[in-house]
Amino acid sequence: MAIGFLRSLNLMTTLETLMTAVPSLALTQPWSHMTPRYLVPIEPKRCGHFFTDVLIIGGGLAGLRAAHEVDPSLRTLILTKDKLEESNSTYAQGGIASVWDPEDRFDNHVQDTLVAGVDLCDSNVVDLVVREAPDRVAELIRWGTRFDQQDGQLVLGREGGHSHQRIIHALGDATGKEIMRAMIAHTRERLHTEICEETFTIDLLTHEGRCRGAVASYRNGKPYLIWAKETILCTGGCGQVFRESTNPLVATGDGHAIAFRAGVAMRDMEFMQFHPTVLYIAGSSRTLITEAVRGEGAYLIDATGHRFMGDYDPRLELAPRDVVSKAIVNQMEKTQSPCVYLTMKHLDSVHVRDRFPGIARVCAGFGLDIATDSIPVRPGAHYMIGGCEVDGNARTSLPGLWAAGEVTSSGLHGANRLASNSLLEGLVYGAIAGRNASRSALDNLNLELRVLPISNQAKRQSVQPIDLADIRNAVRALMWRNVGVQRREERLTEAVHAIQQYCSYVLAQDLSGVDGWELQNILTVSLQMAIAALARTESRGVHFRTDFPSTDNVNWRKHLEIVR
Ligand SMILES: Cc1cc2nc3c(=O)[nH]c(=O)nc-3n(C[C@H](O)[C@H](O)[C@H](O)COP(=O)(O)OP(=O)(O)OC[C@H]3O[C@@H](n4cnc5c(N)ncnc54)[C@H](O)[C@@H]3O)c2cc1C
């Protein structure tokens, strides 16, 4: 009854506000002058050159899906900063959301996404992605992905915020690993697609207001220039900006920073989704404990054994992620404890171990049996909602640059991503970006691929050697403390000042290596996040201000846009 009431209340708000498009408010950045246009000196006469028709930066699900849309007559090059297997996509656990159950409807999935997004979603985008989902999933199956099945039917799970069973998964809780295995194998068969791993993209090349490719470095070697007719940015997220994160080490927000330096309009940078349940054992990696665990019936209890979600939300453990994250942080404070616990002791132990083999293995390594012991968890930075603004054609504000996946702000997620909608977004927008970049490259067949004069007039300093690891740790800790799950003015202001201070001497340096470029990117992204979080004086979705706890649709139903 209570849930029904809440849903209909949300539905009314959403329908009312849906009728009007979400406006944008441009934020000025007085510190833009600190950010150099390029991180490295570019001297076309003194470096190597490479030419391709379509350049795809990033080989996660979005990047690989884009590659499959490029016409075989065009040369395609994919760059990845680490091995191809190392991406957020590979680590995805729960699955992909798609309407598959005969009882379910596209409208239900659309509605669940809009409700989670708290009036900031673009309803046309939501509609497009939801309706394309079954075709994109079917395509993955054709290309070799083995999703979990029972009696010849796909097994459908349920996660927080979804009104129906619609999460398709693989290998129990290792969906991303299986999808990426199949996608990588399928991509490697494409003869006109070349993949360069361990190749760090430092910046986008721009000339006369158009993206012309990128400057990159293979294994920390001398930067070289890649000239392309069309470029697609698919660099994923930036969880590593925070000390606590579910993201692998590659997720340092390079694409967000690269795009910003090239003048691309960035949007919704304050919206970082914190996953409520990240394994919290000293010495363990910050392994995510998938939402599907709660979908199967796990309870959240605090240090005293109290099942507390009922104190916060009638949807209990299946409330949306932001609600559960806030409740956990609150309960940790109340009980003066560094974590809370997930328990599945009341569920069938054989089913629990079978359904979550990966989590069972990791926990067993620390002496925990997931079926009989309580699992210590707390929130961690998980999914970046904000990024390069893209339109329905995956076009960014920079001509010649397309983007897809977690690096973008497409309008699908609004102020809060619904669980398992992001692999889906990568597939749908990856295909759109690949198709449109391909068409554009074919239309521009006569566009000469040649070395262009790139102006890089930034004054570079080489001052005292700086301890990159020390600054990186300090920034990540600062972001976690001051720009984390709970935010308020004093702490955000303190963060902005501290990051500006770091920027003033780190961004001006000529740092010749991945560690340095990553740090410069982390600082660039952190500052954007802190400034946007400070500006948004309300709470909405994943952005929670303790000093402005209500959602303010009158003044704040708008995107924040940051342009260099
Ligand atoms: C632990 C975990 C579990 C998740 N579970 C789910 C789930 O169940 N369902 C769901 O829908 N979503 C889930 N997500 C989110 C989802 O995995 C990601 O949003 C999605 O995979 C992003 O895909 P992408 O292609 O945009 O980026 P990624 O998969 O992260 O790929 C990024 C690519 O860019 C490359 N790159 C980055 N920077 C550079 C650079 N400077 N130079 C060159 N290359 C670069 C990387 O090497 C990589 O190849 C999960 C995420 C995590 C971390």
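The values are calculated or read from the model by the stated rules, or taken from the named source; none is laboratory data. Keep in mind it's a predicted model, so treat the numbers as computed, not measured. We place every Cβ from the backbone using ideal geometry, glycine too, and count neighbours over all the protein chains shown. The protein model used for the area step is the full one, side chains on, heavy atoms only, and it has no ligands, DNA or RNA in it. Shrake-Rupley method; radii C 1.70, N 1.55, O 1.52, S 1.80 Å.
Computed values, structure above
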item	result
P(r) histogram, all alpha-carbon pairs of segment 146-208 included - 5 Å bins from 0, percent	4, 13, 14, 15, 14, 11, 9, 11, 6, 3, 1, 0
Whole-number D in µm²/s for segment 21-114 (Stokes-Einstein; Kirkwood sum over Cα pairs; 25 °C, 0.890 mPa s)	131 µm²/s
Principal axes of the chain: Cα extent on each, largest first, Å	68, 54, 51
Amide H within-cut-off set for HIS559, under 5 Å, with H built and near neighbours excluded	SER24, LEU25
Pair HIS49, ILE466: separation of 7 Å Cα→Cβ label points (nm)	3.3 nm
Among 282-290, 251-259, the order from most to least packed when residues are scored by Cβ within 10 Å on average	251-259, 282-290
Size of electric dipole in the chain: Cβ of Lys, Arg +1 and of Asp, Glu -1, about Cα centre, debye, nearest 20	1080 debye
Convex hull volume of segment 178-260 per residue (C-alpha atoms, cubic angstrom)	121 Å³
Mean projected area in nm² (Cα convex hull; one quarter of hull surface) for segment 314-376	5.1 nm²
Radius of gyration and maximum dimension Dmax of segment 267-409, Cα, Å	17.8, 57
The chain, helix-only ellipticity at 222 nm - DSSP H runs n ≥ 4, -39,500 (n - 2.57), divided by all residues, nearest 500	-11000 deg cm²/dmol
Carbon/sulfur fraction of accessible area - the chain, other protein chains in place, 1.4 Å, %	51 percent
For segment 166-183, Karplus couplings with θ = phi - 60° (6.51, -1.76, 1.60), whole Hz, Gly/Pro x	8, 9, 8, 10, 9, 6, x, 10, 10, 4, x, 4, 6, 4, 5, 4, 5, 5
Solvent-accessible area per residue for segment 61-120 (1.4 angstrom probe, square angstrom)	34 Å²
Residue-count net charge about TYR299 - beta-carbon cut-off 15 Å; Lys, Arg +1, Asp, Glu -1	-4
Stokes-Einstein translational diffusion, segment 399-524 - Kirkwood Rh over all Cα pairs, 0.890 mPa s, 25 °C, in µm²/s	132 µm²/s
For PHE51, distant residues with modelled amide H under 5 Å away	TRP227
Where N is the number of residues in segment 216-337, Cα Rg divided by 2.2 N^0.38 Å	1.43
Additional length obtainable on full extension of the chain from ASP348 to ASP510, 0.36 nm per residue less Cα span	52.6 nm
Trypsin sites (Lys or Arg not before Pro) within segment 433-540, DSSP loop, no more than 16 other Cβ atoms inside 10 Å	ARG450, LYS459, ARG460, ARG488
